[in-house]
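So the structure is just underneath, and the comments pick up after that.
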Amino acid sequence: MGTYIYEPFMGTLQKHGALAGLRRWTLERDDSGTIYPHRIYRDNKKNIYHSVTHILKETAPQEQKDALERWIEKEGSADERDMACERGRLAHAHAEYLLKTGAKIARHNANKRGSWRTGKDELDRCPRKVTEWGLSKAAETAPRVSWSASGYARGLRSFILERVTAIHAVEFSVYDREYGYAGTADALIDVDGVLTICDWKTSKEVRSEEMLTNYCHQLGAYNYALRKITGIECNQALVCIARRSGSPQLRLMNNLEVRGSEIMFMERCLEFKKQLKELAVV
């Protein structure tokens, strides 16, 4: 797995280089549990970063932790959890295929025709119709999704084909040295023409506002790190939750809401650091 150390970028050429790095490189992931019992990430200087999702889990309200423990202890919950993870993995893989393949087709066409356009945010884009055409071609060649996840994949596919107008990066790692966290964002795309950082989720039921808050803080973490790494300012963030049937549940955050989620995640990072110090003392 490649390792890439990002530094803050400014200006058109640097932003393009930063995006190329996001597309091509990831931090090294460590699930061994030899240093911490949870997933961590490392850069090529061996600096350690804690997983965004783990920080959110450890700093969740106690009632959420208790509810999770009760669910885990229920008979049959392990099988149910495994099936849910597999559905999520398959749906994510389908969305990733559509976006990566669609972007490749669209870029090839735009390169051939010389039809790239630079936006006010200094990012280059294929024409909207070219991107939409590329995604439709990708949908025609997408591998078949097993029946257990087909409804979820179908919901994500319909959203992507109907709402995505440009594709900048897919499945990319971000990190922040100051707060010591890292994670993988699902997509940096234009949704209806607006630059958006996006995360895919799956759920049988409509998610409560309490659960959506965690997801919003997760995107706040990704957006803060993305801005520090690349200088790219996202105008909005989106949690797209695929369901077994019907349209996905969408939680769209404007710029002000995203900044608020960033601040809330930073507070949770500080709380997590306190927890780590207390464990070290014990």
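Just so it is clear, none of the values below were taken in a lab; they were calculated from the coordinates. Everything quoted here is computed from the prediction, not taken from an experiment. Ideal geometry is used to build each Cβ from the backbone, glycine not excepted, and the neighbour counts take in all protein chains shown.
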> In the range 241-279, how many are of a type in the set (A, V, I, L, M, F, W, C), surrounded by fewer than 17 Cβ atoms within 10 Å (Cβ to Cβ), in contact with a strand residue (DSSP E or B) (Cβ under 9 Å, 6 or more places away or on another chain) and within 28 Å of His92 (Cα to Cα)?
Replying inline: 2
>> Taking the condition of being more than 30 Å from Ala153 (Cβ to Cβ) and not in a helix (DSSP H, G or I), how many residues in the range 246-282 meet it?
In response: 1
>> Step by step: first the residues of the range 208-244, then only those that are hydroxyl-bearing (Ser, Thr, Tyr) and not in a loop (DSSP other than H, G, I, E, B), then the one that is nearest to Leu19 (Cα to Cα). Which residue is that?
In response: Thr230
> Only one of these conditions is not met by Gly183: (1) touching a helix residue (DSSP H, G or I) at 6+ places or on another chain (Cβ under 8 Å); (2) crowded, with 17+ Cβ neighbours inside 10 Å; (3) under 22 Å from Ser245 (Cα atoms). Which number is it?
Replying inline: (3)
>> Here are the criteria: (1) without any contact (Cβ under 8 Å) to a residue 60 or more places away in the chain; (2) of a type in the set (S, T, N, Q); (3) touching a helix residue (DSSP H, G or I) at 6+ places or on another chain (Cβ under 8 Å). Tell me which single one Ser245 does not satisfy.
In response: (1)
>> For the range 96-153, give me each residue that is touching a Cys at 6+ places or on another chain (Cβ under 8 Å) and aromatic (Phe, Trp, Tyr).
In response: Trp116
>> Under 6 Å between Cβ atoms, which residue pairs at least 6 apart in sequence (or on different chains) link something in the range 121-143 that is of a type in the set (Gly, Ala, Ser) with a partner that is surrounded by 16 or more Cβ atoms within 10 Å (Cβ to Cβ)?
In response: Gly134/Gly102; Gly134/Ile105; Gly134/Ala106; Ala138/Leu98; Ala138/Thr101; Ala138/Gly102; Ala142/Tyr97
